[in-house]
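Pasting a structure below so you can have a look.
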Amino acid sequence: MTRFCPICAFVLLLPLLALGGDFEQGLEAFKKHDDDQAFTCFDAAIREHPTTVASYFYRGASGFRCVSDHVRGKLLASLVKEGMNAKEVEAILGDWEAMFSSNFSVTDCYFRLGVTVQYKREDIGADIVYHVDSEPFTIPELAELLWPFPLGHGYPQGTSPSN
């Protein structure tokens, strides 16, 4: 009887071990909140093992997190108004992820939120918002992120919720 348990555990875990590479990379990216990378890795894992439900689950979760970040970005960007200073913007959007600067303007990028904020250079340290942009996405793109299967095709063979 004691030999039976390790053998059962091995047989039950074998499909997860077979996933390897792309699935494991996707999990690491998912844990680090690198949702674009995670989505790509899980997509590759699905191509290699189309009947493994875990890859579909994590790809969907990665896509959902991307969409929720962008929706949150659109909402927060709507609170940033022309004439605000950098400290006021930072209080709303948090720390920027990249900054581009010239003699006349500064652009802060919040990639995860899909937001860019452009400032006019008034004086040193006194940048004033003159343009806010949140990355637009269309309804078909949104639908594709939330429903990871081609529209109109339902679940891939062998991966329906009843399995």
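What are the pairs with Cβ atoms under 7 angstrom where one residue, in segment 26-41, is touching a residue at least 12 places away in the same chain (Cβ under 8 Å) and the other, located anywhere, is surrounded by fewer than 17 Cβ atoms within 10 Å (Cβ to Cβ) and part of a helix (DSSP H, G or I)? Sequence gap at least six, or different chains.
A29/Q37
On the given criteria, is A44 at pLDDT 90 or above and within 29 Å of L27 (Cβ to Cβ)?
Numbers: at pLDDT 90 or above: yes; within 29 Å of L27 (Cβ to Cβ): yes.
Judged against the criteria, A44 is a match.
Check whether at least one residue in segment 26-33 is under 20 Å from R112 (Cα atoms) and outside any helix (DSSP H, G or I), and report yes or no. First the steps, then the outcome.
Of all residues in segment 26-33, those under 20 Å from R112 (Cα atoms) come to 26-33.
Those still in the list that are outside any helix (DSSP H, G or I) too: 32-33.
Within segment 26-33, one or more residues are under 20 Å from R112 (Cα atoms) and outside any helix (DSSP H, G or I).
Could you please give the count of residues in segment 53-101 that are among the aromatic types (F, W, Y) and in contact with a Phe, Trp or Tyr (Cβ under 9 Å, 6 or more places away or on another chain)? Spell out how you get there, then give the answer.
From segment 53-101, those among the aromatic types (F, W, Y) are 56-58, 64, 96, 100; that's our starting set.
Adding the requirement that they be in contact with a Phe, Trp or Tyr (Cβ under 9 Å, 6 or more places away or on another chain) leaves 56-58, 96.
Final tally of qualifying residues: 4.
Could you give me the residue pairs with C-beta distances under 6 Å whose first residue belongs to segment 78-95 and is on the phi < 0 side of the Ramachandran plot, whose second residue is of a type in the set (D, E) and surrounded by 14 or more Cβ atoms within 10 Å (Cβ to Cβ) wherever it lies, and which are 6+ apart or on separate chains?
Matching pairs, first to second residue: A86/D127.
Let me spell it out: the conditions are (1) on the phi < 0 side of the Ramachandran plot; (2) touching a His at 6+ places or on another chain (Cβ under 7 Å), and G114 meets all of them except one. Which number is the exception?
Every condition holds for G114 apart from (1).
Select from segment 110-139 the residues that are at pLDDT 85 or above and under 17 Å from C66 (Cα atoms) and write down the one among them that is nearest to the chain's Cα centre (by Cα).
Within segment 110-139, the match that is nearest to the chain's Cα centre (by Cα) is V115.
Assuming A143 fulfils every condition listed in (1) farther than 30 Å from T52 by Cα; (2) modelled with pLDDT under 85; (3) touching a Leu at 6+ places or on another chain (Cβ under 8 Å) apart from one, which condition is it?
Evaluating A143 over (1) farther than 30 Å from T52 by Cα; (2) modelled with pLDDT under 85; (3) touching a Leu at 6+ places or on another chain (Cβ under 8 Å) leaves (1) as the failure.
A follow-up question, please. State which residue is nearest to Q118 (Cα to Cα) when the search covers only segment 73-89 and only residues that are at pLDDT 90 or above and not in a loop (DSSP other than H, G, I, E, B).
So, considering only residues that are at pLDDT 90 or above and not in a loop (DSSP other than H, G, I, E, B), the one nearest to Q118 (Cα to Cα) is V89.
Of all residues being more than 29 Å from A38 (Cα to Cα) and among the small types (G, A, S) in segment 61-90, which is surrounded by the fewest Cβ atoms within 10 Å (Cβ to Cβ)? Just the residue, please. Quick ask: steps written out before the conclusion?
Start the filter on segment 61-90 by keeping residues that are more than 29 Å from A38 (Cα to Cα), which leaves 79-89.
Narrowing further to those that are among the small types (G, A, S): 83, 86.
Details: G83: 9, A86: 17.
Among those residues, the one meeting the criterion is G83.
The values are calculated or read from the model by the stated rules, or taken from the named source; none is laboratory data. Note that the structure is a prediction, hence the values are computed from the model and not measured. Every residue, glycine among them, receives a Cβ derived from its backbone with ideal geometry; neighbour counts consider all protein chains shown.
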